[in-house]
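Structure record follows, encoded as structure tokens.
The values are calculated or read from the model by the stated rules, or taken from the named source; none is laboratory data. All of these numbers come straight from a predicted model, not from anything done at the bench. Note that each Cβ is placed from the backbone with ideal geometry, even for glycine, and that neighbours are counted across all protein chains shown.
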Amino acid sequence: MNRIVRALLNYFVKGVLVVVPIGAAIFLIFWIMSSVDDALNLSDVLWVNPKTGRPIYIPGLGILTVLVIIMIAGIVVTNFVTDPIKNWVGRWFNRLPLFNFLYSSIKDLTEAFVGDEKKFNEPVLVEVNETGLKKIGFLTQKDLTSLDLPGEVAVYFPYSYSFAGQLCVVSKEKIQPLKMNGPDAMKFVVSGGVSGIGHHR
């Protein structure tokens, strides 16, 4: 009897390890997409059923609208927006301090993940104190001379189980490059060290 219970418990645990991550990932993706679609879907405002007079809601139209806008913006910026236009827009943004601060911060963060110059692709190990404590972070700035900090670098330390993190300035001698790619290192840190370590480059 005990063997049967242990076997059933073992099957249950293995099932949890399979079902929970898949279910949580699907739920999170569905929740994000549903939230974006609900916020940006204007089909029930723009279209009305001529027979009933009621608004027509088209699921997924909000997501499709965002994708089309992003694609069109990419085409326009790549092919039609010249440097003088960019400089003119930049000068207007500078006249709106709050908007410019939010725009530039979000733009820099977005480029750090998907831009041509990704910032979170150099994982490093940083010696924190003399007791041997070390932390994994990402080298984001290699030269801080403009801040009157020669020999110092900027390292971003993400928190485990969180999208937040902490930026620290450390000495170049305190960092050591890791033989991991950026995504695996980020996964390793955010997961609390339980995943991502088996995929070294």
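Determine whether residue 110 is surrounded by fewer than 11 Cβ atoms within 10 Å (Cβ to Cβ), among the polar types (S, T, N, Q), modelled with pLDDT under 85 and closer than 30 Å to residue 78 by Cα. Yes.
Scanning the stretch 34-56 finds one or more residues that are part of a loop (DSSP other than H, G, I, E, B) and among the β-branched types (Val, Ile, Thr). Number of residues in the stretch 1-11 that are of a type outside the set (D, E, K, R), loosely packed, with under 10 Cβ neighbours inside 10 Å and outside any loop (DSSP other than H, G, I, E, B) equals 3. Somewhere in the stretch 74-83, is a residue within 27 Å of residue 35 (Cα to Cα) and not in a loop (DSSP other than H, G, I, E, B)? The answer is yes; a qualifying residue exists.
You will find that of 79, 49, 94, 87, the residue that is of a type in the set (S, T, N, Q) and in contact with a Pro (Cβ under 8 Å, 6 or more places away or on another chain) is 49 and no other.
For (1) loosely packed, with under 11 Cβ neighbours inside 10 Å; (2) touching a residue at least 24 places away in the same chain (Cβ under 8 Å); (3) aromatic (Phe, Trp, Tyr); (4) in a strand (DSSP E or B), each residue gets a yes or a no:
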| position | (1), (2), (3), (4) |
| --- | --- |
| 121 | no, yes, no, no |
| 124 | no, yes, no, yes |
| 132 | yes, no, no, no |
| 135 | no, no, no, yes |
| 146 | yes, no, no, no |
| 149 | no, no, no, no |
| 153 | no, no, no, yes |
| 162 | yes, yes, no, no |
| 166 | no, no, no, yes |
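Tell me whether the stretch 11-33 contains one or more residues that are closer than 29 Å to residue 191 by Cβ, among the aromatic types (Phe, Trp, Tyr), more than 24 Å from the chain's Cα centre (by Cα) and modelled with pLDDT of 80 or more. First the steps, then the outcome.
If we filter the stretch 11-33 for residues that are closer than 29 Å to residue 191 by Cβ, which is where we start, we get 11-33.
Now drop any that are not among the aromatic types (Phe, Trp, Tyr), which leaves 11-12, 27, 30-31.
Checking the rest, the ones that are also more than 24 Å from the chain's Cα centre (by Cα) come to 11-12.
Keeping just the survivors that are modelled with pLDDT of 80 or more gives 11-12.
Yes, some residue in the stretch 11-33 is closer than 29 Å to residue 191 by Cβ, among the aromatic types (Phe, Trp, Tyr), more than 24 Å from the chain's Cα centre (by Cα) and modelled with pLDDT of 80 or more.
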